[in-house]
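The values are calculated or read from the model by the stated rules, or taken from the named source; none is laboratory data. Just so it is clear, the structure is predicted and the values come from calculations on it, not from any experiment. Ideal geometry is used to build each Cβ from the backbone, glycine not excepted, and the neighbour counts take in all protein chains shown. Areas reflect the complete protein model, heavy atoms only, side chains present, ligands, DNA and RNA absent. Shrake-Rupley method; radii C 1.70, N 1.55, O 1.52, S 1.80 Å.
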Amino acid sequence: MISPFIPFLDLRAGNEVVRKELDRAWRDVLGHGRFTGGPEVEIFESEFAEYCDSAHCIGVGNGTDALELILAALGIGPGDEVIVPGNTFVATAEAICAAGAFPRFVDVRPTTLEIDPDAVEEAINPRTVAIIAVHLYGQMAEVDRLESIAARHGLVLLEDAAQAHGARFGGRRAGSIGRAAAFSFYPAKNLGALGDGGAVLTDDDEIASRVRQLANHGRARESHWVHDVSGRNSRLDTLQAAVLSVKLPKLDEQNHKRRVLMQHYREQLPRRCMPLAQHGLAESVHHLAVVQVRDRAAATHVMSVAGIGWGLHYPVPCYRQPAFAEFVDEKLPVTDRAAERILSLPLSPTMTVAQVDRVCQVLSRLRGRS
Ligand SMILES: *Cc1c(COP(=O)(O)O)cnc(C)c1O
């Protein structure tokens, strides 16, 4: 039987699948009482580092902190410019501003809506120090080209992998490519905690130890009582780490389910709803099922009437946000055009093919309208 209501994202059902293990994790942490810095944190850090083919994982408070801590560890700050896509979640640009540097927004590819390497190259100037490759919607940015651009110009390549846990490009994992990568474990992400969480992944020993220090009040390695630099408090709680260790072994299977559902969408959607293209080397983990439609108001109307959830990522592009107006002096036509057409369809690993069929059926009612 098909439920008449199809949620945009069913977090409750997703957690129900691992209910028993979550209950046990909660009891274990309650039992030993080390609510911060407990043994579960180190265990998850080593599991996730291995999963991402990376030498170090440092658990932090959230994905935005992860980005900001990476920039701070690299000494990126006032006077520095960091290139980011105009189409991303605000956190990417926010972290750059928090570090005291300037975001330089560039346009995206019309077919994938991922950062356009040609636009990156054009934007490079003497103040540029880094490029943040955002792996948006679960698909990785064109990291092969971005790596060679960064190398040619002596820039640091970083990854915002908050939407891409487990994604690959040319067989390489998200989080293993840049000098450092930021992940978020916000509940709605592909690997989500039961609250906020984040991580920094890197092969660079120096960056790893600096991030660890900055996230722990600038505390010296040798002494609990000495603080070498003015840092902050940003940690992955023991309980969240325990939850993430329960969920990590299921991630590949859940990403596979997302892939199957997305394939079904591709086959069943009416022609008016165009899913984003996939780069030939990219293995997406489909964080979001984004399509482009010309008459979005009509599409969201028929969905709402039918009891189907939907989302918009993002109707006001990051670079158009009033918060960043002072850093913007040109329009990004591809980003602007996409902002009016993008529509995120329901997608959760617990969703059924029958539910995807129903969404496609409802969207087929758009036929004949403009
Ligand atoms: C979610 C997200 C972040 C921020 O992560 P938080 O854990 O919410 O701080 C950063 N970048 C992108 C692309 C995201 O989707």
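Protein heavy-atom surface of region 31-85, 1.4 angstrom probe: 51% of the accessible area is carbon and sulfur, with nucleic acids and ligands not counted. Taking GluC sites (Glu not before Pro) across region 169-266, the ones in a DSSP loop with at most 11 further Cβ atoms lying within 10 angstrom of their Cβ are E222. Residues whose amide H comes within less than 5 Å of that of W310, counting only those at least five positions distant or on another chain, are F8 (H built at 1.01 Å from N in the peptide plane).
Might you tell me the accessible area per residue for the chain, computed with a 1.4 Å probe and given in Å²?
On the way: 16270 Å² over 370 residues.
About 44 Å² of surface per residue is accessible.
What chymotrypsin sites (Phe, Trp or Tyr not before Pro) does region 1-54 have in DSSP loop regions with at most 12 other beta carbons within 10 Å?
Numbers: sites: F5, F8, W26, F35, F44, F48, Y51; in loops: F5, F8, F35.
Loop-located and lightly packed - F5, F35.
The Cα-based radius of gyration of region 12-249, divided by its Kirkwood radius, gives an Rg/Rh of 0.98. Computed with every protein chain present, the accessible area of H227 is close to 90 Å² [probe 1.4 Å]. Taking one equal scatterer on every alpha-carbon of region 250-366, how large is log10 of I(q)/I(0) by Debye at q = 0.10, 0.12, 0.18 1/Å? Computed log10 I(q)/I(0) values: -0.34, -0.49, -0.96. Only helices enter the 222 nm calculation for the chain: every DSSP H run of n ≥ 4 contributes -39,500 (n - 2.57), and dividing by all residues gives -11500 deg cm²/dmol, rounded to 500.
All Cα-Cα separations within region 156-204 were binned at 5 Å from zero, giving a P(r) of 5, 24, 29, 22, 13, 5, 1, each value a whole percent of the pairs.
The label point for D357 and the one for V302, both projected 7 Å from the Cα toward the Cβ, are 1.8 nm apart.
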